[in-house]
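Undergrad: Let me give you the structure first, and then I'll get to my questions.
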Amino acid sequence: MPYLRVALDVPLPRLFDYWLDNATPADIGRRVVVPFGSRRLVGVVLAILAEPEYEASAIKPAEAVLDDMPALPAPVLGLFQFCADYYQHPLGQVVHTALPTRFRDPNPYRVAEALRYHALDSAALQAQVPKRAALQQRLAQLLATPRSEAELRAAGGTAWKTVQAWLQDGRVRAEQLQPGASVAAPGPALNIEQTEAVQAISAAQGFAAFLLHGITGSGKTEVYLNAIAAVLARGEQALVLVPEINLTPQLEARFLRRFPGVDIVSLNSGVADGERAAGWVRAARGEAGIVLGTRLAVFTPVPRLGLVVVDEEHDASFKQQDGLRYSARDVAVYRARQAGVPIVLGSATPALESWQNAEAGRYRHLRLSQRAVAGAQPPQWRLLSTKRQPLQDGLHARTLAALGERLARGEQALVFLNRRGYAPVMHCGECGWMAACTRCSARLTVHLRERTLRCHHCGDEAPLPRVCPGCGNQDMKPLGQGTQRLEDTLAERFPGARILRIDRDSTRRKGSFEAALQAVHAGEVDILVGTQMLAKGHDFPNLTLVAVVGADSGLYSADFRASERLYAQLAQVAGRAGRADKPGEVILQTDFPEHPLYQALLDDDYAAFAATELAERKLAGFPPFLHQAVLRAEADRLDEALAWLRQAALLAPLSEAVTVWDPVAAGMMRLANRERAQLLVQSTARSRLLAFLAEWMVALRAQKAGKVRWSLDVDPLEL
Ligand code: ADP
Ligand code: ZN
Ligand code: ZN
């Protein structure tokens, strides 16, 4: 059978046939180099055929089938097909989104093996290196047992250089990891709830989805680690997905410490292309015990898959917002079902979609109700009404008092405001002029330090005007508060305090975020000012106060998901306060202290919040009670985008199960000089919606797009 059917990275929903002299079924799932127009492209063989679909004489020969990556197994190819069908995305592009970028290179790839390093004689090595060379001493000690490159690098500074020198002179030896060898190092004894959760997961026969609901610090990660230990002991592999921002060196180190002999592959956008490809290959060969990665890791071939974990499953970063707009959480659930293995979705504030799945009995609810460390208490919430209380530069008198107390006690505090810049608006009180972006429908944010106005959507910049461009008024005022202004205010109020601001502006330089975290850990900071960058994943043991300002803006938003996001964000930032032995306090300044969302937070009652939200969504007809897809169009002018969508609506197949709404301008209509519109379709029946979309896309792709760029987003998170 001399013909190959090949998936190529081109925006067409079709495959391409090539001729290969001695094609065999073993070529299926392998990469292949083929001519395409004037280019050479790398594709993936999806089938081999006796007869091509097209005129045989027009078919070109393939250059070569490469065997530098294990052939993609049928279940993984099935997963790609599922994504192509579900998200209405060309299969060739799905395949190329899923593969590490290194495999787009037609040159063969040589896989680096996973090695472990150890000293021939650790005691002798310790005696040889100078006593004062602390790093070398530490390394010599570490190398008494086999260590991964990541562990050794984590020792800091020139650690890796030193190890390589020792490798050169033979004092250190490198060995390949023995696949399958797995003895988990002991962890803390589990409490009753954790034990029950681990038992339930380990007892699952075939597919089962678990929603592990527990506040930060309740020991969810311990549950994962124990469930993974059981999987490894059976000789199977685990796939663990975490949000980008949570995949910290600390988390990796925790996994490495627990599973010292196991090849743990780390996959995320920060890993260099070659290393990512190497890890991917070791997972695909079944050598890696654990794949620990961000959303893109969901596509990794894992032949002996035994368990899938999605940590912080509610996190928006699991959804890709361009190209293949997939939800890695949802794909992970499909994958677990396909492989017939359990999946654990963990969160302190589960997505309401997942919560509803648990309520409906599709997922099993596992609950961790208290902090795992003995004596550690969840933080105490206090709502400060700002309704009739005059604020001092945006801060309540009691917030200032609480900050003062922490300073006096030598404890750290975090002031949380999810708005960077100095002020969100530059305003003229005389004529009402406001600084707006010329390219977007958005206001410009004042950045006083740099004396600029900046658009947070397209990045455009303008100098800060001295006089009003509208009327010449010389007394213009920045309105409202951003983190820069808050930082200035706090510096004035607490002249002796060491204040550090952490937001996207202050951490632009590579490594500056890590340096800032380091400073906090080293106790070089008294008051932290920060945005949501600080909300996640970082533990500061000496931090005992979190003060939240400016949260109210999330309460009354046009976006039906805004309150869900606000709850998750506040619960997460509150989790930063009082980790170990010191009780934490959370202060929230608000005009609406009676609001049910705040009351639920106060009682740490996510169930109550979820019940209220879900009841409202059911009444209003929102997800998860129905399913949505949005067709987006952008053009130079709004009317062009709208006209294209109106035409698209006319092409929609008739379906009584599907509602097609009128095209409207997008919430943010203008972005970077392009104008955007969208059309929402929805249905209570997911399968009917999918069938509708499939038919509709065929009709739309047959149309000329003209000057319009369009895309379809299935299960959109933002409308
Ligand atoms: P989560 O993932 O829910 O935030 P972790 O699993 O990270 O929680 O646990 C929080 C802290 O409590 C960690 O320092 C962990 O080592 C510790 N811990 C977890 N379970 C236990 C336990 N059963 N006994 C003692 N300490 C525990
Ligand atoms: Zn003016
Ligand atoms: Zn802009």
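Undergrad: Which three semi-axes in whole Å describe the equivalent ellipsoid of the stretch 416-540, each the square root of 5 times a Cα gyration tensor eigenvalue, listed largest first?
TA: They are 30, 16, 11 Å, listed from largest to smallest.
Undergrad: At 1.4 Å probe size, with no ligands or nucleic acids counted, give the accessible surface of residue 603 in Å², nearest ten.
TA: Rounded to the nearest 10, the figure is 100 Å².
Undergrad: Further, regarding this structure: Report in % the part of the accessible area of the stretch 334-399 that belongs to carbon and sulfur, leaving out ligands and nucleic acids; probe 1.4 Å.
TA: Looking at the stretch 334-399 in its full context, I get 43 percent from C and S.
Undergrad: Moving on to the next point. Put 636, 605 in order of accessible area, largest first, 1.4 Å probe: what do you get?
TA: My answer, sorted largest first, is 636, 605.
Undergrad: Hey, another quick one. Kirkwood Rh over Cα pairs of the stretch 500-629 into Stokes-Einstein at 4 °C, 1.567 mPa s: D in µm²/s?
TA: Estimated diffusion coefficient is 78 µm²/s.
Undergrad: Under the rule of -39500 (n - 2.57) per DSSP H run of 4 or more residues, summed and divided by the residues of the chain, what mean residue ellipticity at 222 nm is obtained, to the nearest 500 deg cm²/dmol?
TA: Only helices count here, giving -9500 deg cm²/dmol.
Undergrad: If you take the beta carbon distance between residue 408 and residue 388 as r and set R0 to 25 Å, what does 1/(1 + (r/R0)^6) give as a FRET efficiency, to the nearest 0.05?
TA: My answer for the efficiency is 0.30.
Undergrad: What does the charge count around residue 263 come to, taking other residues whose C-beta lies under 14 Å from its C-beta (Lys +1, Arg +1, Asp -1, Glu -1)?
TA: Here the charged neighbours net out to -2.
Undergrad: Calculate the tail of P(r) for the stretch 566-719: the fraction of all Cα-Cα distances greater than 19 Å, expressed in %.
TA: In whole percent, the share of Cα-Cα pairs in the stretch 566-719 beyond 19 Å is 65.
Undergrad: How do 263, 67 rank by accessible surface area computed with a 1.4 Å probe, from largest to smallest?
TA: In descending accessible area the options line up as 67, 263.
Undergrad: Can you tell me the convex hull volume per residue for the chain, based on C-alpha atoms, in Å³ to the nearest whole number?
TA: Given the Cα convex hull of the chain, per-residue volume reads 198 Å³.
Undergrad: Run the accessible area of the stretch 189-332 with a 1.4 Å probe and give the carbon-and-sulfur part as a rounded percent.
TA: Percent of accessible area from carbon and sulfur atoms in the stretch 189-332: 50.
Undergrad: Report in % the part of the accessible area of the stretch 508-631 that belongs to carbon and sulfur, leaving out ligands and nucleic acids; probe 1.4 Å.
TA: Roughly 55 percent, rounded to a whole number.
Undergrad: Quote to one decimal, in nm, the extra length available between residue 616 and residue 367 on full extension: 0.36 nm per residue of separation minus the C-alpha distance between them.
TA: That pair, residue 616 and residue 367, stretches by 87.2 nm at full extension.
Undergrad: Would you mind checking the stretch 417-443 for residues with the amide N under 17 Å from a putative spin-label position 7 Å along Cα→C-beta of residue 559?
TA: Flagged as within label range: 417-420, 441-443.
Undergrad: Averaged over every viewing direction, what's the projected area of the C-alpha convex hull for the stretch 360-448? Give it in nm², one decimal, please.
TA: For the stretch 360-448, the mean projected area of the Cα convex hull comes to 13.2 nm².
Undergrad: Based on the Cβ-Cβ distance from residue 120 to residue 581, what FRET efficiency comes out when R0 is 41 Å, to the nearest 0.05?
TA: Result of the calculation: an efficiency of 0.45.
Undergrad: Compute the orientation-averaged projected area for the stretch 341-500 from the convex hull of its Cα atoms and round it to one decimal in nm².
TA: Seen from a random direction, the Cα hull of the stretch 341-500 projects 16.2 nm² on average.
Undergrad: Hey, with R₀ at 60 Å, roughly what FRET efficiency would residue 637 and residue 189 work out to, going by the Cβ-Cβ distance, to 0.05?
TA: 0.35
Undergrad: Moving to a separate point now. Using a 1.4 Å probe and counting only protein heavy atoms, arrange 701, 637 so the residue with the most accessible area comes first.
TA: 637, 701
Undergrad: What does the net charge come to around residue 532 if you take all other residues with beta carbon closer than 12 Å to its beta carbon, with K and R at +1 and D and E at -1?
TA: Result for the neighbourhood of residue 532: +4.
Undergrad: What number comes out for the charge environment of residue 62, summing +1 per Lys or Arg and -1 per Asp or Glu over other residues with Cβ under 10 Å away?
TA: -3
Undergrad: Just to confirm my numbers, what's the Cα centroid distance between the stretch 267-321 and the stretch 649-690 in Å?
TA: 33
Undergrad: With every protein chain kept in place and ligands, DNA and RNA left out, what is the accessible area per residue of the chain? Probe 1.4 Å, answer in Å².
TA: Per residue, the chain has an accessible area of 45 Å².
Undergrad: Cross-link partners among lysines for residue 477, C-alpha distance below 29 Å, same-chain residues fewer than 8 apart left out?
TA: 387
Undergrad: Could you tell me which chymotrypsin sites (Phe, Trp or Tyr not before Pro) in the stretch 1-71 are loop residues by DSSP with no more than 14 other beta carbons within 10 angstrom of their beta carbon?
TA: Answer by residue number: 54.
Undergrad: Obtain the radius of gyration and the Kirkwood radius of the stretch 100-174 from its C-alpha atoms and give Rg over Rh.
TA: 1.12
Undergrad: Please work out how much accessible surface residue 426 shows to a 1.4 Å probe, ignoring ligands, DNA and RNA, in Å² rounded to 10.
TA: Its heavy atoms expose roughly 10 Å² to the probe.
Undergrad: If you don't mind, there's one more thing I want to ask. To make sure I understand the rule: partners must be lysines, Cα under 20 Å from the Cα of residue 582, and not fewer than 8 residues away in the same chain. Which ones qualify?
TA: Excluding near neighbours in sequence, the set is 536.
Undergrad: Measure out, as a whole number of angstrom, how far apart the alpha-carbon centroids of the stretch 504-556 and the stretch 404-459 sit.
TA: 17
The values are calculated or read from the model by the stated rules, or taken from the named source; none is laboratory data. Just so it is clear, the model here is predicted, and its values are computed rather than measured. Please note: Cβ atoms are built from the backbone with ideal geometry, for glycine as well, and neighbour counts cover all protein chains shown. Side chains included, ligands, DNA and RNA excluded: accessible areas come from the protein's heavy atoms. Shrake-Rupley method; radii C 1.70, N 1.55, O 1.52, S 1.80 Å.
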